[in-house]
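What follows is a set of notes on a single structure, which appears directly below.
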Amino acid sequence: MSRLPNFLIVGAAKSGTTSLYHYLNQHPQVYFSPVKEPLFFCSADTDKDILEKELFPVSLDDVVDDYNDYNALFSGVTKEKAIGEASVYYLLDHKKTIQNIKKYIPEWQKLNIVIILRNPVDACFSHYQMYSQYLKNFVGHKKILTFKESLDAEQERINKGYMALAHFHWFFYYEQVKDFQDNFDNVRVCFQSDLQDRPIQVIKELFEFIGVDNNFKPDLEGRRYNVSGIPRSNFLYRFLISEGIIRKMIRPVIRFFLTPERKEFLLQKIWSKNLKKAVMDPEMRLLLVEFYRDDINKLQKLLDKDLTHWLVQETARE
């Protein structure tokens, strides 16, 4: 018998949601959807043509937009106390997401919502890198817009419905967070910097928040997930991210020798080693600090959290 989630990680993008997914998933009392980002609550009841633009270049084949298919993701639940999934589009598309949560989860009032945030300047640069490399390697775009050109093209992309490529629009957190706080009683906001600096404490607090034994200690040593950068080898980049014939051929061998967690760890290790860090132009950083300043100030008041370090020029962290 299937059950539905009692907690969701809703974003933000490029802020540590993948890390949270893997850290929390180690707990024996936690069941996560085997599809990390089903995107159900932001895709259900949406016209396919609209959705195809909103999620581009993500294939709709990777999206779970049917309720029965979504329900089936949790058919493996046994005795787990916390049942969840993680989809970063939920924070960006908060209005549609919240509407669908209330429509499809009968006990939505009891839902635990986890939000993790990152300095929006660094997050949007990381988001830009991720999508620009994907467009180059998989969509075949020859001309990739620079970071500054992407900012200039932002409103046109939004007007045309290409929200996934509106890198800067994703990270206006105030309205997004406020909407979840206004609609749900149990919302926990954490920060990528805290997850990096004191991961055990952050994960322990999240275990308590989602209602599982917080004495469990996951393996966090040396683990970095979903890092962005410039590929040293485009061939290796494409191999790691695609479902090519070679990867399909060696998958049975990998499954025989490695546990799923160990396999994921090694893949992420190789992924990180293949990326070289890109550096944002200092003038662009100063421009974006002003771009986000008002939103950051409102978010500080909403969360009663000092975020003034987001308003100064600093080196980006992955």
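The values are calculated or read from the model by the stated rules, or taken from the named source; none is laboratory data. Because the structure is a prediction, the values reported are computed rather than measured. Note that we place each Cβ from the backbone using ideal geometry, even for glycine, and neighbour counts take in every protein chain shown.
Within the stretch 128-142, not a single residue is surrounded by fewer than 23 Cβ atoms within 10 Å (Cβ to Cβ), hydrophobic (A, V, I, L, M, F, W, C) and modelled with pLDDT of 95 or more.
Under the condition of being in contact with a helix residue (DSSP H, G or I) (Cβ under 9 Å, 6 or more places away or on another chain), surrounded by 16 or more Cβ atoms within 10 Å (Cβ to Cβ) and not polar (S, T, N, Q), the residues counted in the stretch 189-206 number 8. Set side by side, the residues K14, K48, K53 differ, and just one is more than 22 Å from E107 (Cα to Cα) and without any contact (Cβ under 8 Å) to a residue 40 or more places away in the chain, which is K48. Within the stretch 81-103, the set of residues being more than 12 Å from A12 (Cα to Cα) and either out of contact with any helix residue (DSSP H, G or I) (no Cβ under 8 Å at 6 or more places or on another chain) or buried (at least 17 other Cβ atoms within 10 Å of the Cβ) (or both) comprises K81, A82, I83, G84, E85, K96, T97, I98, Q99, N100, I101, K103. Restricting attention to the stretch 151-197, the residues that are in contact (Cβ under 8 Å) with a residue 12 or more places away in the chain, part of a helix (DSSP H, G or I) and not β-branched (V, I, T) total 21.
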